[in-house]
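Working notes for the structure below.
Read-outs: derived from the displayed coordinates by stated rules, not from any lab. Keep in mind that what you see is a predicted model, and the values were worked out from it rather than measured.
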Amino acid sequence: MTKLETYLRDLRDTRATGEAVKETSFYPALATLLNAVGAELNPKVRAVINLKNRGAGLPDGGLFTAKQLKKLGGDEALHEPAAFKGQQPERGVIEVKGAGENVRDIVAGEQVARYLRHYGQVLVTNLREFLLVGREASGALKFLEFYALAESEKEFWQLAQHPRELAAAHGARFSEYLKRVMLSLAPLDAPESLAWFLASYARDARERIEHEQVALEPLQNVRGALESALGLRFEGEQGEQFFRSTLVQTLFYGVFSAWVLWSKSVAGKKRGSRFDWRMAAWTLHVPVIRTLFEQVVTPSNVRGLGLEEVLDWTADTLNRVEREKFFERFEREHAVQYFYEPFLEAFDPELRKQLGVWYTPGEIVRYMVERTDRVLREELQIERGLADERVYVLDPCCGTGAYLVEVLKRIKQTID
């Protein structure tokens, strides 16, 4: 049984007693769901229901990391851990209302405003909808990420009568949404962490394209652009799957590439500057990728494919990366090339194997290319080495393109 199915069954059974109140009776089911998702993170995240009043009221719950939980033994177990008195939940607080409420109306209230000022982030839910809210740099309220299991209270309780079916439709996307909620206040400076976020958004986008009612015309426009740019055709069921995967990878890896280039620019280095995915095509230099972006990232296509929201979330995540620390781990000139491996590993591990995307240290790549060039010159008497017109370079498992890039550098060196 999945985490979401368990949650839905618990809600349904609690309501079926006829004695449940509209809000607090459902707290245990929500806590069980959040703790099951939080247990998969590192560090683990735990939901604690009904927090003390620390000056902003009584939040319905808080999200604490494992390091905030003090292990007690002996006499310590009889008393509140003094070292942690007054600590704030690292991953924000929770505001819960009944399924008949509207989450946006809840967010507009003074209670959520107080929590935001004090805690910085609030997950607002009516059991069927989940809205994460934070603050702009100016302090103004900002809608972050939203997820809906049902559009109305009536629809929700009808669907909850068949928890397995509803869980099958939402399970993976919903769990990833909750993980992103619990990680949204965590430091973001490691390539692996950013790769997970981007892959999570990319999977969400793929699900929207595959299973939701998206407009056919934008999809066909993008398909034609990809086939023309790549010089191939997507045929049959496998071709269709590969097309949608290629579309999503192109879109999200293109956004990442544009962010890397933007971060090196004068505009990106200005204090308080923010990356905008809508401007990505202006930043990209590779003609194929730029052309695809110009075809894909138009208002009609993005909205028609249902991707505007998830791309906004992606940009928000990129804008909270601690860039100085991130680029200490990944040099800017290599980030676009080598980040593809952790991204694809998180997005689709099986596809990564099929495409042969494995990291090879730059020193080894340079040595092998130089060695090949020398053999061509000295042993095969091909004076210009890899730059000779008779030499063809084939890389069937291209992966990150490391070898092809190094070959191009070597050819340029010969020509210059």
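If the limit is 32 Å between Cα atoms, which of Lys52/Lys270; Lys44/Lys269; Lys3/Lys269; Lys44/Lys270; Lys22/Lys44 go over it?
On the way: Lys52/Lys270 41 Å; Lys44/Lys269 34 Å; Lys3/Lys269 43 Å; Lys44/Lys270 35 Å; Lys22/Lys44 30 Å.
Result: Lys52/Lys270; Lys44/Lys269; Lys3/Lys269; Lys44/Lys270 exceed 32 Å.
Taking Cα atoms only, the orientation of helix 216-230 departs from the longest principal axis of the chain by about 30 degrees. In this structure, the residue pairs whose Cα-Cα separation is over 31 Å, taken from Lys154/Lys179; Lys97/Lys325; Lys97/Lys142; Lys264/Lys412, are Lys97/Lys325.
Ratio of alpha-carbon Rg to the 2.2 N^0.38 Å globular estimate for the chain, to two decimals, please.
Values: Rg = 25.3 Å, N = 416, 2.2 N^0.38 = 21.8 Å.
With N residues counted in the chain, Rg over 2.2 N^0.38 Å equals 1.16.
Our coupling estimate for the range 25-35, obtained by passing each phi through the Karplus curve with A = 6.51, B = -1.76, C = 1.60 and θ = phi - 60°, is 4, 9, 4, x, 5, 5, 4, 4, 4, 5, 6 Hz, Gly and Pro reported as x. Distances between placed amide hydrogens fall under 5 Å for Glu95 paired with Leu123, Val124, Thr125, all partners being 5 or more residues away or on another chain.
3J(HN,Hα) along the range 112-127: 5, 4, 5, 4, 4, 4, 8, 10, x, 7, 9, 9, 9, 9, 10, 6 Hz, from the Karplus curve 6.51 cos²θ - 1.76 cosθ + 1.60 with θ = phi - 60°, whole Hz, x for Gly and Pro. Scanning residues 5 or more positions from Glu90 or on other chains, those with amide H under 5 Å from its amide H are Thr65, with H placed 1.01 Å from N in the peptide plane.
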